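Engineer: This structure is in structure tokens; I'll ask about it shortly.
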Amino acid sequence: GAAFSLVPGFGDTVKRRSQNVMAGLTLVLTPNLVNETRVALSRVAASVTQEASQRNSDLGLPVTSPNARDAGLSFITVTGLSPLGDEGNNPQNSVTNVYQVLDTASYVHGAHLIKFGGDLRFAQQNAFRDVESRGRLQFSPFAQISGNAMADLLLGFPLLTSVARVDNPQHLRTQSYNFFVNDSFRVGTGLTLTAGLRYEYNSPPV
């Protein structure tokens, strides 16, 4: 991006991967009753990691994070010049898994077609996002010592600095329980009445 370093060596590696698999089994239990069961897994993995070709310790800047994944150079901005260093939103990684079990039965009785079943989903997200783990330094000619951003850098007078020491693993879990029953009643050749009931419960992520 335009706000990030134009100097080679401070890029990002962006990975995305989606995987989906489903298995189904259909059984004719009686001439009037058919049951379909499906089991599915959906997995989405996404990460952004910094190139980390240089380290804070190489330039005498403090190393603020003990995590090896946070290695890299602080993001340094100097007004009028390209920023330098690894941008502050990375590294980040997220893996979301959704396990799903679905079962639907169809039962025919006279003029009635009755369907009933359930949909169970178990979702989990495992993630981290180490924001500002390497720190940020900004040099600007406004309200500063020399009136020149580069001179202030050489003098060691930043306009602002920030850093965060975070260890924020996310292990979110949630469940979804859905049940339904539906009756389609054929009253005559040109008229069918349909009525159903559905219950859903979605737990808050914890």
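The values are calculated or read from the model by the stated rules, or taken from the named source; none is laboratory data. Everything numeric here is computed off the predicted structure, so don't read it as measured data. Every residue, glycine as well, gets a Cβ built from its backbone with ideal geometry; the counts of neighbours run over all protein chains shown. With ligands, DNA and RNA removed, areas are computed over all heavy atoms of the protein, side chains included. Shrake-Rupley method; radii C 1.70, N 1.55, O 1.52, S 1.80 Å.
Engineer: Looking at ASP119, ASP86, ASP70, can you tell me which residue is of a type in the set (D, E, K, R) and touching a Ser or Thr at 6+ places or on another chain (Cβ under 7 Å)?
Structural biologist: Sole residue among the options that is of a type in the set (D, E, K, R) and touching a Ser or Thr at 6+ places or on another chain (Cβ under 7 Å): ASP70.
Engineer: Can you find, within the range 68-92, the residue that is nearest to the chain's Cα centre (by Cα) among those that are open to solvent by 50 Å² or more (accessible area, probe 1.4 Å) and touching a residue at least 40 places away in the same chain (Cβ under 8 Å)? Give the steps one after another, and end with the answer.
Structural biologist: Of all residues in the range 68-92, those open to solvent by 50 Å² or more (accessible area, probe 1.4 Å) come to 68-69, 79-81, 84, 89, 92.
Filter again for touching a residue at least 40 places away in the same chain (Cβ under 8 Å), leaving 69, 79-81, 84, 89, 92.
Values: ARG69: 18, THR79: 33, GLY80: 35, LEU81: 33, LEU84: 27, ASN89: 14, GLN92: 9 Å.
By that ranking, first place goes to GLN92.
Engineer: Of everything in the range 1-23, what is surrounded by 10 or more Cβ atoms within 10 Å (Cβ to Cβ) and in a strand (DSSP E or B)? Give them in sequence order. Walk me through it before giving the result.
Structural biologist: Taking the range 1-23 first, the residues surrounded by 10 or more Cβ atoms within 10 Å (Cβ to Cβ) are 4-7, 9-15, 17-20, 22.
Correct list: ASP12, THR13, VAL14, LYS15, ARG17, SER18, GLN19, ASN20, MET22.
Engineer: Limited to the range 41-61, what total is found for residues that are in contact with a Gly (Cβ under 9 Å, 6 or more places away or on another chain) and either touching a residue at least 24 places away in the same chain (Cβ under 8 Å) or small (Gly, Ala, Ser) (or both)?
Structural biologist: Residues of the range 41-61 in contact with a Gly (Cβ under 9 Å, 6 or more places away or on another chain): 50-56, 61.
Filter once more, keeping what is either touching a residue at least 24 places away in the same chain (Cβ under 8 Å) or small (Gly, Ala, Ser) (or both): 50-54, 56, 61.
Residues meeting the conditions: 7.
Engineer: Pairs only if they're at least six apart or on different chains, beta carbon under 9 angstrom, first in the range 11-35 and more than 30 Å from GLN50 (Cα to Cα), second open to solvent by 70 Å² or more (accessible area, probe 1.4 Å) and among the polar types (S, T, N, Q); list them, first residue then second.
Structural biologist: That search, which allows pairs on different chains as well, returns VAL34/THR26; ASN35/THR26.
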